[in-house]
Amino acid sequence: VQLQASGGGSVQAGGSLRLSCAISGGTFSTYDMAWFRRVPGMEREFVAAIRASGGRTYYADVVKGRFTISRDNAKNTVYLQMNSLKPEDTAVYYCAADKYYSERYYSQERYDHWGQGTLVTVSS
């Protein structure tokens, strides 16, 4: 299973970006998907997750109301729409996939597959 993240870039505060993560080599519709991010020198942190069915989504409090995770099973792709971006959202964003159900959607340890990361820079 391979994940390919894209869509990162530079934007001013208040702007928007949409990240994409395409999965290959697996049955996308059976995977729970998530986005994490890491600021240099800090631990990778949970951003958002979506169940394989697409019926449930979860968000970190710091992005709730600004970010939206979604998936298109026909395109084997998960998205992260980021609005009202803030300088503190600057980070490398990673997508992750896991085939097995877990209540610990926020834990990076549960995810078996990771994308390479895409850099998001938000300037003030």
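Worth pointing out:
- Failed criterion for Glu43 (all others in (1) in contact with a strand residue (DSSP E or B) (Cβ under 7 Å, 6 or more places away or on another chain); (2) assigned to a loop (DSSP other than H, G, I, E, B) hold): (1)
- Within the stretch 53-63, considering residues that are open to solvent by 50 Å² or more (accessible area, probe 1.4 Å) and within 18 Å of Ser29 (Cβ to Cβ), the one nearest to the chain's Cα centre (by Cα): Thr57
- Selection of the stretch 103-121 for residues being over 18 Å from Phe28 (Cβ atoms) and touching a strand residue (DSSP E or B) at 6+ places or on another chain (Cβ under 9 Å) yields Tyr106, Ser107, Gln108, Gly117, Thr118, Leu119, Val120, Thr121.
- Residue, farthest from the chain's Cα centre (by Cα), within the stretch 16-51, restricted to residues that are exposed (fewer than 15 other Cβ atoms within 10 Å of the Cβ) and more than 22 Å from Glu109 (Cα to Cα): Ser16
- Condition check for Ala5: of a type in the set (A, V, I, L, M), over 13 Å from the mean Cα position of the chain (by Cα) and surrounded by 15 or more Cβ atoms within 10 Å (Cβ to Cβ): no
The values are calculated or read from the model by the stated rules, or taken from the named source; none is laboratory data. These numbers were taken from a predicted model, which means no experiment stands behind them. Quick reminder, even Gly has a Cβ in these numbers, built from the backbone with ideal geometry, and neighbours come from all protein chains shown. Heavy atoms of the whole protein, side chains included, go into the accessibility calculation; ligands, DNA and RNA do not. Shrake-Rupley method; radii C 1.70, N 1.55, O 1.52, S 1.80 Å.
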